[in-house]
Amino acid sequence: MATATLHANEAHAHGHDHEHEHHEPGFIRKYIFSEDHKTIAKQYLITGIIWAFFGGALSIIFRLQLGFPDMNLDWLKPVLGEWIVEGKLEKEFYLALVTMHGTIMVFFVLTAGLSGTFSNFLIPLQIGARDMASGFLNMLSYWFFFLSSVIMFASLFIETGPASGGWVIYPPLSALPQAMPGSGLGMTMWLTSMTFFIVSQLLGGVNYITTVINLRTRGMSFTKMPLTIWAFFLTAVLGLLSFPVLLSAALLLIFDRSFGTSFYLSEIYIGGEALPNVGGSAILYQHLFWFLGHPEVYIVLLPALGITSEVIATNARKPIFGYRAMIGSMMGITVLAFIVWAHHMFVTGMNPFLGSVFMFLTLIIAVPSAVKAFNYITTLWKGNIIFTPGMLFSIGLVSLFISGGVTGIILGNSALDINLHDTYFVVAHFHLVMGAASFFGLLAGVYHWFPKLFGRMMNKTLGYVHFWLTFAGVYCVFFPMHYIGIAGFPRRYYSFTALANNAQDTFADMNAFISIAAILTFTAQGIFAFNFFYSIFKGKKATQNPWNSNTLEWTTPINVGHGNWEGEIPAVYRWPYDYSKPGASEDFIPQNVPFSATPESNLPEENEEIAKEQEIEGLLAAQNDVYNH
């Protein structure tokens with residue numbers, strides 16, 4: 001099977017060489033409608049960065065309202081137009097901003113921008129494949145995402161405004177076009193956009209899974225794959241099984257909105273008038289949504305954790321601690337992610353016994369998460385650590401993962417969650433453990449693989465400044481939210497000055513502090529944007545393997561062509577974490593170095609592999625002679 005795969009890869013390579021001899025693809029074919037996984041990864045990355053700044057800007061606008069409720073916002077009128085009324089944000093537009101911010105950051109930035117970029121870029125390079133299993137489907141996955149983005153962006157400019165039912169789009173607000181302005185055309189466009197987005201994710205997921213299973217190079221067994229590939233593989237499995245459920249939820253919502261059905265509606269009154277809908281249940285939508293919504297947490301988090309494993313091992317100059325335990329923990333997270341969804345629904349009136357079951361399962365998921373955290377810490381312990389910007393963001397992710405995860409244990413307890421549900425405590429929890437941690441993983445990946453993406457280096461000093469401002473800023477934004485959440489400050493409220501008993505005085509200073517911290521943290525991302533785009537064209541030229549890393553992507557040329565390797569794809573002989581091995585002449589041994597080349601550092605069981613290597617090499621040489629003749 002390995003030989004067949006090798007021959008298939010080589011035949012694929014010869015096909016590419018043959019094609020390039022005849023004609024070089026034009027600009028549109030090479031950079032826009034490209035089937036090269038590396039170009040598609042760059043498309044995902046740059047689109048994701050643009051969306052990140054846009055989604056962040058929306059959050060700054062509503063933080064201005066929360067932090068400074070008496071501020072005159074007429075200066076935003078050239079941008080927001082009629083949504084500014086008498087110097088204040090229009091109340092319904094505030095909910096639309098929250099909705100669009102959540103949708104953009106969760107789906108377009110952390111799902112497409114993170115997983116779309118690094119799954120596309122690293123899977124073929126790290127497993128030793130010429131490209132994805134289907135370049136055409138890969139191209140389609142990006143363009144469905146792009147079409148989804150265009151529709152979502154266009155919804156901001158319609159007269160009644162974008163969708164405004166919260167990013168979870170709960171009915172009946174989302175199921176009744178007449179409920180509020182944001183329930184009309186904007187909601188229809190949100191549902192249409194998400195439909196295309198789900199198609200994009202399914203096309204990508206099928207491709208990632210097929211590529212990992214079928215196109216690994218010779219010697220690349222599952223137990224020799226980098227943890228990044230394990231993370232991307234399990235993420236694709238999660239998405240493939242859960243996104244269709246969200247699609248079904250959206251389709252039933254479209255039926256209720258447009259065709260008079262009652263899947264989610266029953267006994268609704270609008271303006272004193274009874275609607276004819278009977279027999280539906282809004283809770284049904286919540287079950288369907290959160291069946292995707294909770295795996296979605298790990299769809300954005302697992303790729304970031306995989307990237308962190310690679311970056312920490314490389315820059316600690318140590319083997320990753322507990323390689324098989326890390327794989328097991330990711331598998332455990334993948335399974336448990338599907339059976340904890342109803343912990344988002346403790347306040348829906350569910351049977352307390354059922355609530356206790358979901359509480360128990362939710363608390364169990366802390367075990368594999370803790371395995372990962374302890375393994376990162378023990379990998380760092382006594383390591384010869386090199387503090388690159390990518391390494392700092394990886395360590396920052398571990399910090400956020402732990403501090404955000406601890407509050408998850410609190411919210412997993414149904415008795416506590418009933419009191420904290422829909423307060424800022426929940427906002428603080430999921431922004432730390434899902435939003436900020438995953439975003440740190442994305443940034444770690446960009447800093448670490450930028451030399452392979454663009455053949456140049458990012459500026460290290462700007463990277464350090466960016467990290468410290470972002471790390472301090474994130475904690476200043478989200479840590480105080482725990483306090484105001486416990487004190488009872490609710491989510492999605494347009495203005496806390498509406499609370500009785502002068503309660504606004506309690507939260508005014510804290511909200512102002514959070515808003516100032518958010519503005520400064522958002523501004524700091526401009527340093528990254530400048531560093532990123534400047535370095536693409538003017539950065540210092542990269543060497544082939546600037547981090548002295550072991551994985552296969554660093555064996556390709558500095559400026560990688562379509563097909564990745566110019567000659568034969570290198571075979572794999574060892575796992576990807578042979579760093580600082582006793583007896584070795586250098587502190588790293590790449591995966592494609594055979595054991596016969598490193599007798600001074602081999603363990604006894606590795607010496608036994610040498611005879612097998614020579615036997616396989618002889619068989620392959622004989623087979624290739626037959627194949628070539």
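Values quoted throughout were computed directly from the atomic coordinates according to the rules given, and no laboratory measurement underlies them. Here the structure is a predicted model, which is why all the values come from computation and not from measurement. So basically every Cβ, Gly included, is an ideal-geometry build from the backbone, and we count neighbours across all protein chains shown.
Structural remarks
- Under the simplified labelling scheme, the Asn351-Phe53 pair shows an inter-label distance of 5.3 nm, with each label point 7 Å from Cα along Cα→Cβ.
- Descending semi-axes in Å of the stretch 156-225, equivalent ellipsoid built from Cα gyration tensor: 43, 11, 8
- Filtered GluC sites (Glu not before Pro), the stretch 537-613: DSSP coil and at most 13 other beta carbons within 10 Å: Glu566, Glu568, Glu586, Glu600
- At R0 = 60 Å, FRET efficiency that the Cβ-Cβ distance of Ile364 and Asp625 yields, to 0.05: 0.60
- Distance from the alpha carbon centroid of the stretch 55-79 to that of the stretch 161-206 works out to 24 angstrom.
- Relative pair counts by distance (%), Cα atoms of the stretch 82-241, 5 Å bins: 2, 9, 17, 17, 14, 11, 9, 8, 6, 4, 2, 1, 0, 0
- Computed Kirkwood radius, in angstrom, where 1/r is averaged over Cα pairs of the stretch 38-133: 15.3 Å
- This model, with +1 at the C-beta of Lys and Arg and -1 at the C-beta of Asp and Glu, gives the stretch 67-186 a dipole about its Cα centre of some 420 debye.
- Hits among lysines - C-alpha to C-alpha of Lys77 under 27 Å, sequence gap 8 or more where chains match: Lys88, Lys91
- The stretch 203-348 - percent relative contact order, Cα under 8 Å, separation 6 or more: 29 percent
- Sites Ala487 and Ala584 - FRET efficiency at Förster radius 60 Å, r taken between beta-carbons, to 0.05: 0.60
- Residue-averaged [θ]222 nm for the chain, counting only DSSP H segments that reach four residues, each worth -39500 (n - 2.57): -21000 deg cm²/dmol
- Top positive-direction residue, dipole computed over the stretch 496-608 with Cβ charges, set Gly563, Pro599, Ile519: Ile519
- Ordering of 69-77, 543-551, 266-274, 119-127 by burial proxy (mean other Cβ atoms within 10 Å per residue, highest first): 119-127, 543-551, 69-77, 266-274
- Centre-to-centre, using Cα atoms only, the stretch 397-467 and the stretch 285-340 are separated by 13 Å.
- Listed by chain and number, the lysines whose C-alpha is less than 16 Å from the C-alpha of Lys540, apart from same-chain residues fewer than 8 away, are Lys452, Lys460.
- log10 of Debye I(q)/I(0), alpha-carbon scatterers only, for the chain at 0.08 Å⁻¹: -0.60
- Environment charge of His344, counting only residues whose C-beta is closer than 12 Å and scoring Lys/Arg +1, Asp/Glu -1: -3
- C-alpha long axis of helix 389-412 to longest principal axis of the chain, angle in °: 50 degrees
- In sequence order, calculated HN-Hα J values of the stretch 209-216 (Karplus, 6.51, -1.76, 1.60; Hz; x Gly/Pro): 5, 4, 5, 5, 6, 9, 10, 5
- Peptides 428-438, 50-60, 188-198 ordered by packing proxy, namely the average of other Cβ atoms within 10 Å per residue, highest first: 428-438, 188-198, 50-60.
- Cβ-placed point charges (K, R +1; D, E -1), dipole of the chain about Cα centre in debye, nearest 20: 860 debye
- Amide proton proximity set for Arg456, modelled H, under 5 Å, gap of 5+: Ala542
- Each of Ile395, Asn72, His429 was scored by the projection of its Cα onto the charge dipole of the chain, and the greatest displacement toward the positive side belongs to Asn72; charges sit on the C-beta of Lys, Arg, Asp and Glu.
- The relative contact order of the chain comes to 15 percent, based on Cα pairs under 8 Å that sit 6 or more residues apart.
- Whether the stretch 557-625 is rounded, prolate or oblate, judged on the alpha carbon gyration tensor where a/c under 1.5 counts as rounded: oblate
- Net charge contributed by nearby residues that have their C-beta within less than 12 Å of Leu76 (K/R +1, D/E -1): -1
- Computed as a quarter of the hull surface, the mean projected area of the alpha carbon convex hull for the stretch 214-276 stands at 7.3 nm².
- Here the extension length gained between Ser601 and Leu520 equals 24.2 nm, from 0.36 nm per residue of separation less the Cα-Cα distance.
- Cα-projected label distance for Lys541 with Leu416, points at 7 Å along beta-carbon direction, nm: 5.6 nm
- Pairs beyond 26 Å (Cα-Cα), from Lys42/Lys318; Lys42/Lys382; Lys38/Lys541; Lys224/Lys612; Lys42/Lys541: Lys42/Lys318; Lys42/Lys382
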